[in-house]
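J.: This structure is in structure tokens; I'll ask about it shortly.
Read the figures in this text as sums done on the coordinates, not as results from a lab. None of these values were measured; they are calculated from a predicted model. Neighbour counts run over all protein chains shown; Cβ positions are idealised from the backbone, glycine included.
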Amino acid sequence: DNGDPHDRPLVDDVMVVITDGFPNRPTNQATGEALGAQAADDARAKLIEIFVVGVGVSSSTETFLINDIADPAPNHYFLASDFGDLQAILEELPICQ
């Protein structure tokens, strides 16, 4: 959007985030979480749908991903126990079917 020469106006904008859910950049976890949550909110404000796949997450990082990064609609957060599960999860995303 906004002058992007690759934008396809008839195709929804979608983001798939694959992460361990532990944002520790640029300085520490609290700053990383705040910046990550703000970036997700900014993307949603631009009507970008956000799916998240948590790989090897802890219960606290999973809560962060569900509440602050993934879209609140159902079926926007998925849990992979390891990267071996990733392909099957990605194939089940509504946007990949």
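J.: Would you please give the residues with an amide H less than 5 Å from that of residue 49, counting only those at least 5 places away or on a separate chain, with H modeled from the backbone geometry?
T.: 13, 14, 15
J.: Modelled label-to-label distance, residue 46 and residue 22, 7 Å Cα→beta-carbon offset: nm?
T.: According to this spin-label approximation, the distance is 2.9 nm.
J.: Under the definition of Cα pairs under 8 Å and six or more residues apart, what whole-number percent is the relative contact order of segment 1-60? Can you show the working numbers first?
T.: Working: 54 pairs, mean separation 26.4, N = 60.
Once normalised by length, the contact order is 44 percent.
J.: Also, I was wondering about something else. May I ask you to evaluate 6.51 cos²θ - 1.76 cosθ + 1.60, the Karplus curve with θ = phi - 60°, for each residue of segment 35-46 and list the ³J(HN,Hα) values in order in whole Hz, giving x for glycine and proline?
T.: The phi angles translate into 5, x, 5, 5, 5, 5, 4, 4, 5, 4, 4, 8 Hz.
J.: How big, on average over all directions, is the shadow cast by the Cα convex hull of segment 1-93, in nm²?
T.: 6.9 nm²
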